[in-house]
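For reference, the structure discussed in these notes is given below.
The values are calculated or read from the model by the stated rules, or taken from the named source; none is laboratory data. Please read these numbers as outputs of a predicted model, since none were measured by experiment. Here the Cβ is made from the backbone with ideal geometry for all residues, glycine too, and neighbour counts use every protein chain on show.
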Amino acid sequence: MPFIDRATLDFLLYDWLIADALTRQARFAEHSRETFDAVLDLSARLGDEHFAPHYKRSDRVEPRLDGEAVRVLPEIKAALDIYAKAGLFAASFDQTLGGAQIPILIHTASTAMTMAANIATAAYPMLTVANARLLATFGTPAQIEILARPQIEGRWFGTMCLSEPQAGSSLGDITTRAIADGEDIALGPRYRLFGNKMWISGGDQDASENIVHLVLAKVLGEDGRLGAGLAGISLFAVPKLLPAADGGLGEANDVVVAGLNHKMGYRGTANCLLAFGEGTRHRPAGAAGAIGFRIGEVGQGLAIMFRMMNEARIAVGVGAAALACRGYRHALDYARERTQGRPVNARKDSAPTPIIVHPDVRRMLLTQKVYAEGALALVLYCARLVDEEAVAASDAERDATGQLLGLLTPVGKSWPAEFGLAANDLAIQIHGGYGYTRDFDVEQVYRDNRLNPIHEGTYGIQAIDLVGRKILRSNGDALALLGERIDATLVACGDELSDECAALRAAWAEVEETVAMLRAAGAEKALHNASAFLSAFGHVVVAWLWLDQARASADKVTMRETRRHACRYFFATELPKARQQFAFVRSGNDMAASFPDACL
């Protein structure tokens with residue numbers, strides 16, 4: 001079964017986001033809709049034939065630590081080998097790096113298909129692509145050639161190592177230290193790393209030839225101590241196996257798997273506690289300490305790492321949207337096939353009807369649809385902004401697009417994670433008693449999606465980013481740019497969908513009023529209810545995207561009714577929730593912050 005409806009995806013890409021127009025840019029001039037469709041067809045086929053078949057088995061047969069190495073299900077390696085041979089690791093990279101140079105928009109749609117088929121297997125290329133893109137952006141030519149190219153080819157995989165057991169997301173509190181250890185002829189400044197990293201997806205596995213860890217660590221100060229807060233945080237590429245002088249693989253680095261984390265979902269993705277610099281099993285070049293090669297300058301680590309973190313945040317949103325779409329398709333098929341009950345006025349001796357005729361089931365299906373497809377539209381829109389930024393005609397245009405993308409990034413991660421999960425919850429409800437059994441996929445889909453509100457920064461952290469950094473610490477330009485795009489949609493709608501246009505105008509006015517209140521309140525008080533603001537703001541953004549889709553469907557007979565009915569449903573049932581949350585935020589309620597500890 002198609003886990004993401006292809007007709008809907010094609011509408012979003014070509015009729016709404018006008019992916020074809022990207023081919024008029026020099027960067028994508030060698031492509032056409034035919035090449036884009038070929039990538040999507042290939043991704044759908046790989047998802048169906050090689051990712052989906054082991055979806056349930058990879059949930060049951062988790063990665064295991066066998067001595068020093070982590071073993072994953074053989075079907076995972078087989079699927080990723082085929083994915084690599086198909087060129088999908090490389091698809092979005094520059095041709096000079098061996099890539100196909102397709103737009104990020106098409107790459108994102110391609111990724112959504114494999115994520116919907118098997119999110120745990122798809123996590124490996126997602127992290128690897130983001131790792132390689134960081135290296136391709138900030139690495140030296142030698143670092144790109146030696147460390148990024150094998151990942152672009154899909155032979156090596158990549159990770160990101162940020163969190164630590166004692167620090168979590170508070171990166172200023174990391175204690176992994178880096179001690180200068182000379183200069184590598186090819187790879188530049190060399191360091192020895194000592195410390196522990198927690199929650200490392202893909203931290204070890206036997207599906208790739210090698211692993212490149214991107215590790216945040218603090219360079220010791222002149223006094224031999226770690227700097228406080230963010231001082232000295234730098235970024236290092238730490239290969240599992242060190243590159244040899246002849247271009248092959250050399251000795252093992254001092255990186256050890258100290259344990260596996262056993263998660264409720266994404267079970268096919270090995271999640272590790274890594275120890276760097278133990279010196280008990282591996283002593284590269286005869287000494288303890290994991291050898292790492294610095295990327296960028298000392299102290300630039302966090303700023304550079306945000307390149308991968310932001311890409312991963314959007315990717316988490318893509319995965320959440322994909323799983324929401326999958327759950328919706330399962331629930332829709334089940335509701336059409338499952339017979340139970342009868343309409344109120346039906347004869348008692350009449351045959352049971354499919355449950356899809358019951359109003360409450362239809363309510364749940366419609367809610368799933370507007371959540372799942374709204375989330376998919378949101379992450380594809382963010383991907384389109386990445387392409388717009390890449391091909392911008394001027395620095396001013398590039399800066400403006402980057403600001404808008406920055407504003408929407410925490411929304412693009414969090415709204416699909418929160419409401420995609422809500423959609424999966426409804427999918428279980430529609431299945432009734434079968435929904436929470438392992439016999440039906442919706443139980444696993446929910447567990448897999450439950451991780452996404454935590455992955456790459458919890459919901460609360462994304463809310464702090466949106467309110468604290470993107471709104472309070474900005475000059476307001478990004479919010480104004482979003483307002484301009486919303487106004488353009490309202491103008492384009494003309495006299496059509498007038499009720500929805502009026503509701504969106506009122507909602508945006510509430511955004512502006514609430515932001516003014518937050519600015520006046522100051523940072524500390526403004527963050528008290530940042531999560532409520534994020535949810536409400538996300539609802540307004542998605543309402544706009546639904547309205548814009550309804551506008552774009554005007555001359556598309558097959559999509560017109562679908563998009564417009566879904567748009568009206570979202571405006572009638574969901575957008576009013578945002579106004580309630582904005583009112584709560586503006587009230588300045590501080591009950592959570594001031595609630596007595598003794599009463600908790």
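Annotations for the structure displayed:
- Qualifying helices (runs of 4 or more DSSP H) (wholly inside region 425-529; at least 1 residues being touching an Asp or Glu at 6+ places or on another chain (Cβ under 7 Å), within 21 Å of Leu385 (Cα to Cα) and of a type outside the set (D, E, K, R)): 477-493
- Here the condition is being closer than 11 Å to Val370 by Cα, in contact (Cβ under 8 Å) with a residue 60 or more places away in the chain and not β-branched (Val, Ile, Thr); of Phe570, Phe582, it holds for Phe570 alone.
- Any hit, region 397-417, residues being more than 23 Å from Ser535 (Cα to Cα) and either assigned by TED's automatic domain parsing to the domain that holds Gly538 or touching a residue at least 40 places away in the same chain (Cβ under 8 Å) (or both): yes
- Subset of region 136-146 [surrounded by 21 or more Cβ atoms within 10 Å (Cβ to Cβ) and either outside any helix (DSSP H, G or I) or under 19 Å from the mean Cα position of the chain (by Cα) (or both)]: Gly139
- Checking each residue in region 267-286 for being modelled with pLDDT under 95 and assigned to a loop (DSSP other than H, G, I, E, B) picks out Glu278, Gly279, Thr280, Arg281, His282, Arg283.
- Any chance Tyr459 is of a type in the set (Ser, Thr, Tyr) and farther than 22 Å from Asp360 by Cβ: yes
- Region 277-290 residues that are surrounded by 14 or more Cβ atoms within 10 Å (Cβ to Cβ), paired with ones that are modelled with pLDDT of 90 or more and basic (Lys, Arg) (beta carbon under 8 Å, 6 or more apart): Gly277/Arg192; Ala288/Arg192; Gly289/Arg192; Ala290/Arg192
Here is a yes/no grid of residues against (1) surrounded by 19 or more Cβ atoms within 10 Å (Cβ to Cβ); (2) in contact (Cβ under 8 Å) with a residue 12 or more places away in the chain; (3) in a helix (DSSP H, G or I); (4) not assigned by TED's automatic domain parsing to the domain that holds Ala69:
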{"residue": "Asn131", "(1), (2), (3), (4)": "yes, yes, yes, no"}
{"residue": "Ala148", "(1), (2), (3), (4)": "yes, yes, yes, no"}
{"residue": "Ser169", "(1), (2), (3), (4)": "no, yes, no, yes"}
{"residue": "Gly195", "(1), (2), (3), (4)": "yes, yes, no, yes"}
{"residue": "Ala231", "(1), (2), (3), (4)": "no, yes, no, yes"}
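- Set Leu407, Leu380, Leu365, Leu376: member being at pLDDT 95 or above, over 21 Å from Ala109 (Cα atoms), in a helix (DSSP H, G or I) and within 18 Å of the chain's Cα centre (by Cα): Leu407
- The residues of region 328-354 that are modelled with pLDDT under 85 and closer than 16 Å to Tyr434 by Cβ amount to a single one, Gly341.
- The one condition from (1) over 27 Å from the mean Cα position of the chain (by Cα); (2) of a type in the set (A, V, I, L, M, F, W, C); (3) buried (at least 17 other Cβ atoms within 10 Å of the Cβ) that Ala245 does not meet is (3).
- Subset of region 38-57 that is more than 21 Å from the chain's Cα centre (by Cα) and buried (at least 20 other Cβ atoms within 10 Å of the Cβ) - its residue that is nearest to Arg6 (Cα to Cα): His50
- Condition met for Phe293 (over 24 Å from Gly433 (Cα atoms), not charged (D, E, K, R) and not in a helix (DSSP H, G or I)): yes
- Test: residue in region 234-242 that is under 24 Å from Ala123 (Cα atoms) and assigned to a loop (DSSP other than H, G, I, E, B): yes
- Residue match in region 28-37 (condition: on the phi < 0 side of the Ramachandran plot, surrounded by fewer than 20 Cβ atoms within 10 Å (Cβ to Cβ) and under 24 Å from the mean Cα position of the chain (by Cα)): yes
- Lone qualifier among Asp20, Asp41 - being part of a helix (DSSP H, G or I) and either farther than 20 Å from Cys382 by Cβ or in contact with an Asp or Glu (Cβ under 6 Å, 6 or more places away or on another chain) (or both): Asp41
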